[in-house]
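The values are calculated or read from the model by the stated rules, or taken from the named source; none is laboratory data. Keep in mind that this is a model prediction, so the values were computed, not measured. Glycine gets a Cβ as well: all are built from the backbone with ideal geometry, and neighbour counts include every protein chain shown.
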Amino acid sequence: MSFKEAAAEIIREMTKDADWIREPLVGFADVSSPKIRELKASVAKDHLLPEDVLPEATIILSYFLPFTREAGDCNKEGDFPSQRWADLYNATNALIAEINDALVSRLQEAGIAAAVPAGGFDTELLMSRWSQRHIAEAAGLGTFGLNNMLITRVGSMGRYGSVVTALKEPADLPETTERCLAKAGGKCRVCIERCPTGALTEDGFNRKACYVICKKAEEELGADVCGKCAVAVPCAVIAEKH
Ligand code: B12
Ligand code: SF4
Ligand code: SF4
């Protein structure tokens with residue numbers, strides 16, 4: 001069994017009681033691929049490179065925990081996030097930390113070096129030095145939509161995690177499928193219409209405007225969430241075709 005399959009099995013097992021999470025996706029990004037080498041230029045000057053996290057890095061394992069439609073339904077009404085959406089955010093954060101630890105342990109048991117990049121973000125710049133979405137994009141998990149979310153083949157509503165490894169397995173290539181209906185030339189602008197702060201426009205994403213509502217939610221609900229652009233929109237949940 002490849003480690004990609006093993007990782008999917010570990011994540012599946014660890015999320016089996018989390019009824020808001022669907023079948024996980026796992027992708028591998030080659031540390032020498034263009035999207036990874038360009039991170040400082042395309043995302044942020046101080047973005048970390050994989051070798052800053054693990055000197056012998058070869059592959060970044062990126063995974064996506066897609067949420068169920070029902071999980072999104074709890075947050076579709078009104079202009080302020082629901083308590084359940086905030087609770088799911090916190091519960092998913094805890095799961096991501098546990099999954100990362102389990103993946104690192106499994107790799108180290110097999111004699112393969114692995115490390116988890118530091119989490120968190122600068123609350124002034126509102127940026128992290130490790131952009132999970134860009135790593136996931138490089139690992140072939142999806143493409144960016146107008147809602148600024150990375151849209152995977154199973155949808156955009158969900159959360160990402162990643163582990164830097166010294167694995168010697170084939171990597172994935174970035175996807176080219178355009179899943180955002182607007183970017184594909186259609187009329188959909190549902191995410192923009194649903195955004196209560198005006199943070200999302202045709203011209204891009206204003207993270208400071210978005211943070212106003214997320215900060216309020218942190219004070220009132222215990223998590224810096226909103227997510228109106230990510231739930232009950234056409235790209236939130238995409239059923240996989242078999
Ligand atoms: C800081 C942060 C925030 C801040 C600041 C917003 C921001 N910068 O994204 C606040 C608190 C406001 C926030 C809000 C939200 N966040 Co947040 N956040 C992060 C965090 C910690 C870092 C993001 C970061 O610094 N990225 C680097 C910057 C430069 O990238 P960027 O702002 O996304 O801008 C780039 C893209 O726009 C990109 N891009 C490239 N091509 C294209 C094409 C198009 C058309 C567009 C629009 C963009 C685009 O280029 C830009 C510049 O490089 C990440 C976790 C992580 N470590 O990655 C989670 C993360 C991005 N957040 C996430 C989520 C879910 C949310 C919320 C929905 C909140 C919620 N849970 O209810 C909202 C969504 C806001 C939005 N529409 O993007 C998820 C996204 C999952 C997904 N499916 O994409 C992440 C990845 C967390 C995770 N572990 O999964 N977040
Ligand atoms: S809601 Fe529509 S316009 Fe917005 S990202 Fe999804 S598909 Fe694109
Ligand atoms: S999280 Fe809320 S405020 Fe931020 S872009 Fe999405 S809908 Fe707008």
Any hit, segment 97-107, residues being within 29 Å of Val233 (Cβ to Cβ), surrounded by 19 or more Cβ atoms within 10 Å (Cβ to Cβ) and at pLDDT 95 or above: yes
Leading residue by the ranking (nearest to ligand 2 (Cβ to nearest atom)) among those in segment 118-169 that are part of a helix (DSSP H, G or I) and not acidic (Asp, Glu): Arg133
Residue under evaluation Pro196, criteria (1) near ligand 1 (Cβ under 10 Å from one of its atoms); (2) part of a loop (DSSP other than H, G, I, E, B); (3) of a type outside the set (A, V, I, L, M); (4) more than 25 Å from Thr177 (Cα to Cα), criterion not met: (1)
Matching entry among Ala223, Ala217, Ala236 (being crowded, with 18+ Cβ neighbours inside 10 Å, within 11 Å of ligand 1 (Cβ to nearest atom), assigned to a helix (DSSP H, G or I) and in contact (Cβ under 8 Å) with a residue 40 or more places away in the chain): Ala217
Any hit, segment 220-237, residues being in contact with a Leu (Cβ under 7 Å, 6 or more places away or on another chain), more than 25 Å from Trp20 (Cα to Cα) and at pLDDT 95 or above: no
Residue match in segment 96-119 (condition: within 16 Å of ligand 3 (Cβ to nearest atom), closer than 26 Å to Cys195 by Cβ and either in contact with a Ser or Thr (Cβ under 7 Å, 6 or more places away or on another chain) or not β-branched (Val, Ile, Thr) (or both)): no
Members of segment 31-49 that are within 22 Å of Ala166 (Cβ to Cβ) and in contact with a Lys or Arg (Cβ under 9 Å, 6 or more places away or on another chain): Val31, His47, Leu48, Leu49
Ile192 vs. criteria within 9 Å of ligand 2 (Cβ to nearest atom), β-branched (Val, Ile, Thr), over 18 Å from the mean Cα position of the chain (by Cα) and modelled with pLDDT of 95 or more: yes
